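The values are calculated or read from the model by the stated rules, or taken from the named source; none is laboratory data. Note that the coordinates shown come from a computational prediction; the quantities given were computed from them, not determined experimentally. All Cβ positions, glycine included, derive from the backbone under ideal geometry; neighbour counts span all protein chains shown.
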Amino acid sequence: MAKDAYKYFRVEARELLEQLGQAVLGLEKQGSATQTIVPRLLRLAHTLKGAARVVKQPEIADWAHAVEDTLAPWREATVNVPRECVDRLLNLLDRMSAQVATLLPVSEAASAGPAQSMPGEAVRTLRTDVAEMDALLDGIAQTHAQIASLRRSGERVAGAGVLARRLLGQLAPQRSLDNARPGSTAHKSQVLAAELQALVGGLGQGLVSSIDQVDRELRQLRDAAEQLRLIPAGALFATLERSARDAAQTLGKRVRFEGRGGEVRLDAQVIGAVQGALLQAVRNAVAHGIEAPGVRQAAGKASEGRITLAVTRRGRHVAFSCGDDGAGVDLDAVRRSAQRKGLLAAATDSLGVDALLQLLLRGGLSTAGTVTEVAGRGIGLDVVRETAESLGGEVSVRTAAGHGTTLELKVPLSLAAIEALVVEVAGTAVAIPLDAVQRTLRLAPQDIARSAQGDTMVYDGRVIPCIALSRLLDETAPPSLRVHWTVVIVEGADALAAVGVDRLLAPAKLVLRPLPELAPPSPLVAGASLDVEGNPQLVLDAEALVLAAGRAGAPPRPAEAARVPVLVVDDSLTTRMLEQSILESAGYAVHAAVSGEEALEQARRQPYALFLVDVEMPGMDGFTFIERTRADPALRDVPAMLVTSRSSVEDRQRGRDVGAQAYVVKSEFAQSEFLEQVRQLVQTT
């Protein structure tokens, strides 16, 4: 295999060129610190020149030297660098970027397509590393599982130290009776017991301390790896700013680009997918939105237009909003273009704003009078719409005559980094996005107003709904008997709600992942994160929480036809919600219990047609629960299905021995087969 001579140079050059590009664009901004930026540019160019010469790339070295020559006169300047100088710098950077893109390994060069732009290359490189990052995270999760086992061993060693100390205490009276005989058996036993206690005690303490340290370091490593799995949305801004500048220069306009929400960290796949659509959105804003300088001044505006790209996370989606302060969409031009294309009758002039904008989003229409390099063919919005459709998202347009237009692309999240407040509900940890948390409070009974329309409280001069989070997540959960409540004030959907939790755990940085395809969508769940051992933890959608809390006090719906009642017994909130969603969608009435003891109490109060039981639960396990029901004359005929992660032959046999009619392994779960088994078992009752 041929050696890749440019393996490290490509990475270094791309990073240097990206920094150079961002700094050069900064030279044009009003109030830019030229005295700070120019020296930095000179240092970056000099570094790139030296690296290029090492790998024998004289053209790149010469272009980097030309950057130094162009900047040298402005090293001590206190005024902005002229536009023509910035144009020359950007041209030199484009040449170097194109040349770096050609420096591929032999195996890649044979199949390489057209060279990509710098930021696109960065996204592509990150995407190829995703599999390696996932493998690293899997390894960390497996190591954590092993540490849990090692921790139990450490606890047993510490327990042995306690036993040795107790033995030493029991031998003490015998030693006091035999103090005159130091060499006696009792004396020797006492000495050995003391040495054993010191040895085992020290070993146990050291082992537990070492395990704790390794556990902390692995958690830090996992957090860092999760963050590396994602890249900040701001990685798009340099390319978009350059595109806006180039389009404006072609059309004789002046624009200023602003990026917001660049700290939002997203999966490289999402950023790579939307990059082309956002480029089109920015170019459209320049071509169709921003007016010429003279027109803007005549309208009382600044001669320089403004284009803003805002990136915001909204529950399980991320929105990219591209707005301008231009003239707004020329709706008459859209109507005329649609009529020429035969999309509207020639006499139609009553079509509303929303309908005309929807026609524009269909593509093939252009409000430009002539075809240019930037606009006129009517394909720009096609790219945006097709991107949204390919990602399962949506695109919308808002416009106001004389004030500008906003194009918004909203797509589902694959991964995103969020800060969240982790709370405990019914023994399970769930997360609420921290940016939606207004405050946490401790409420006394008199703080809550109770009525037939639901519970409320007064917060910041407003009456807001107050409801237990457990009731929102599971409508069958019994009302809480707590006297004092810990509530989280959540903001979303232009409203507030107080949701009661069992206790607050801690703020945390999480990586939000979509739910598995097996899981039916739940409006309250934005996705899941993985704990250190790879187990899922639900992340809630703040807007959906507030909406659900507001509806909780609504009048009850008319009673439906009787549904077959099924009891789900599982200590995992995720599993309970998954099984409940599947069964309710199939027409069953589902009740839930978090332990075998609670399930027995419910089963003795109300008849059920089927028990769905997990094996591993605190207290009474699933095997014992089924044994108890088989021994109860009132419950012995209710069929039971075990749904568990344990798949050994011994466990399956024990399930049959205790009387389970079906055994489902979670890793082999198939929804259609599961529902068919449920149907058959229910028919036997």
Q: Scan the helices (runs of 4 or more DSSP H) fully inside segment 571-677 and keep the ones with 3 or more residues being among the β-branched types (Val, Ile, Thr) and farther than 27 Å from Ala526 by Cβ.
A: 622-631
Q | Subset of segment 552-571 that is within 25 Å of Cys466 (Cα to Cα) and not aliphatic (A, V, I, L, M) - its residue that is modelled with the highest pLDDT | A | Gly553
Q: Report, ordered by the first and then the second residue, all pairs with beta carbons closer than 9 Å, sequence separation of six or more or different chains, a first member in segment 283-311 that is under 16 Å from Gly328 (Cβ atoms) and buried (at least 23 other Cβ atoms within 10 Å of the Cβ), and a second member that is modelled with pLDDT of 90 or more and aromatic (Phe, Trp, Tyr).
A: Ile307/Phe257
Q: Identify all residues within segment 308-322 that are in contact with an Asp or Glu (Cβ under 8 Å, 6 or more places away or on another chain) and β-branched (Val, Ile, Thr); write none if there are none.
A: Thr308
Q. Being crowded, with 20+ Cβ neighbours inside 10 Å and either in the same structural domain as Pro523 (by TED's automatic domain parsing) or touching a residue at least 60 places away in the same chain (Cβ under 8 Å) (or both), is that true of even one residue in segment 336-355?
A. no
